[in-house]
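Values quoted throughout were computed directly from the atomic coordinates according to the rules given, and no laboratory measurement underlies them. Since the model is a prediction, treat every value here as computed from it, not as a measurement. Heads up, the Cβs are rebuilt from the backbone with ideal geometry, glycines too, and the neighbour counts pull from every protein chain shown.
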Amino acid sequence: MVTSKFWRANLFGLVCLLLVTGCKKKEEPQLPIVVVDKPAKENVEIYGEYVGRIRAASYVEIHARVEGYLERMLFEEGKRVKRNDPLFIINSAPYKARVEKAKAQLKKNEAQAAKAKRDVERLRPLYEQHAASQLDLDNATAELENAEAEIAMSRADLDQAQLELGYTTVTSPISGYISERLVDIGALVGPGVNSKLAAVVKSDTVLVDFKMTALDYLRAERRNIRFGEQDTTRSWQPTVTVTLADDTEYPLKGFVDFADPLVDPQSGTFGVRAELANPDQRLLPGQFTRVKLLLDVRERAIVVPRKALSIESGGAFIYIIRRDDIAEKRFVQTGPEIGNNVVVERGLGENESVVIEGYHKLTPGIKVRPVHAGDKEAIELLKEEDQL
């Protein structure tokens, strides 16, 4: 009977001990779990986006420089032509006749000059022997000078006639792609009539014109960027990327080769021009495009995920976890947003632990249980247990 009472007393004590232990465990608060990571250090590229228009690097109209009937066309419309390739033939018969006439006149004047020279050579010794007068010698010398002047005029006439004869073959001034012909074979062409025959476009290289805001221009100037100048001392250049007609990105990059020094007073923008190689003719002159201009590269900038930032009246802040696992609210100065990341200009060190998930559970000074973002298995397990 005593043994039974002793056993009951021990059992009662054990139950009480378990109850007390259980109550103590329930009273211990669970630490909030947060995911932390160190900020990245990256070279952040900052772009400006604009609307631009593509135009050919060269566009040259082909005009008839002499009047005549168009006899032949020596090219295929829309195809590539080379510089000095013959394109059109204008009836050259009248111009050949002028050349022959100019040659004959030159020959006649040369014969007269030769006779005048012989007269002077004959009269000079006679004058020295007082067998001819000063007047006779002066007249002969004047005739020689007049004949030499006539030769000069005839040579100029011949050069002009040959030049006009050369104009009857119309050649391409540049290499490029030629348009359709603007006149028909047999038509009368020339200055004052149908002078424009076709056009040649050089589109192996294209130019892109766009407007830059004064603010972007000022920011670039502060970074010592001079548009239109290549700075070999810098590790990067202000390159330009454009889009194609299907809104895909053109693979080749261009460079700004000109920036207007004057501001448009109506729009407050600067005119800027970029040059791009176009070997496959994928960029079409006249096409509108989206232009991305590299304005700056922040080298080794501190970057945090955008979701780690919160905004309140005092500004942007993040939570960092100290070494003793205490949460600290930290106001920071932010820079540009790049995708899902934000550059932190001030207020954050590169080796600090930033809360990127679970910051909604935090208050300043609270102790937490941090889990590193690289521990994927632990994060997945905590999400399954609904602790994140």
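If you average the sequence gap of Cα pairs under 8 Å that are 6 or more apart and divide by the length of segment 93-166, what percent do you get for the contact order?
Relative contact order for segment 93-166 comes out at 53 percent.
As an exercise, use a Förster radius of 45 Å and the Cβ-Cβ distance of GLN281 and GLN162 to find the FRET efficiency, rounded to the nearest 0.05.
Efficiency computed from Cβ-Cβ geometry: 0.75.
Could you check the spin-label model distance between THR213 and ALA152? Points 7 Å from the Cα along Cα→Cβ, value in nm.
Calculated label separation equals 6.6 nm.
Would you mind calculating the relative contact order of the chain from Cα pairs under 8 angstrom and at least 6 residues apart, reporting the percent as a whole number?
26 percent
What's the ranking of 168-177, 132-141 by average number of surrounding C-beta atoms within 10 Å, highest first?
Taking the mean over residues of other Cβ atoms within 10 Å, the ranking is 168-177, 132-141.
Name all residues of segment 66-81 having a backbone nitrogen under 16 Å from the label point set 7 Å from the Cα of THR169 along its Cα→Cβ direction, giving them as ranges.
Only 66, 71-75 pass the distance filter.
For GLU100 and LYS79, compute 0.36 nm times the residue count separating them, minus their Cα-Cα distance, and round to one decimal in nm.
Details: separation 21, 0.36 × 21 = 7.56 nm, distance 3.70 nm.
Roughly 3.9 nm would be gained on extension.
How far apart, in nanometres, would the label points at ILE311 and ARG72 be if each is projected 7 angstrom from Cα along the Cα-to-Cβ direction?
Here the modelled spin labels are 7.3 nm apart.
Pick from ASP157, ASP119, ASP247: which residue has the top mean-square fluctuation in a GNM of the chain where Cα pairs under 10 Å get a spring?
ASP119
List the trypsin sites (Lys or Arg not before Pro) within segment 317-367 that DSSP assigns to loop and that have no more than 11 neighbouring Cβ atoms inside 10 Å.
Passing both the DSSP loop test and the Cβ count: ARG323.
Where q = 0.14, 0.15, 0.19, 0.26 Å⁻¹, what log10 of I(q)/I(0) comes from the Debye formula for segment 93-166, counting one point per Cα?
-0.52, -0.57, -0.72, -1.01
Taking 0.36 nm per residue of separation and subtracting the Cα-Cα distance, what length does fully extending ARG124 through LEU182 add?
Extra length available between ARG124 and LEU182 comes to 14.4 nm.
Here are some pairs, LYS329/LYS361; LYS41/LYS361; LYS41/LYS292; LYS41/LYS307; LYS38/LYS292; LYS38/LYS361; which of them have Cα atoms lying more than 22 Å apart in this structure?
Details: LYS329/LYS361 12 Å; LYS41/LYS361 27 Å; LYS41/LYS292 24 Å; LYS41/LYS307 17 Å; LYS38/LYS292 31 Å; LYS38/LYS361 20 Å.
Where the Cα-Cα span goes over 22 Å, the pairs concerned are LYS41/LYS361; LYS41/LYS292; LYS38/LYS292.
Hey, could you get me the Stokes-Einstein D for the chain, Kirkwood radius over alpha-carbon pairs, 25 °C and 0.890 mPa s, rounded to whole µm² s⁻¹? Intermediate values should be presented prior to the final figure.
On the way: Rh = 30.8 Å.
Translational diffusion coefficient: 80 µm²/s.
Relative to the longest principal axis of the chain, what angle (0 to 90°, nearest 10) does the C-alpha long axis of helix 2-27 take?
In the chain, helix 2-27 runs at an angle near 20 degrees to the longest axis.
Under a point-charge model restricted to the Cβ atoms of Lys and Arg (+1) and Asp and Glu (-1), what is the dipole moment magnitude of the chain relative to its Cα centre, in debye to the nearest 20?
Charge dipole of the chain: 1500 debye, to the nearest 20.
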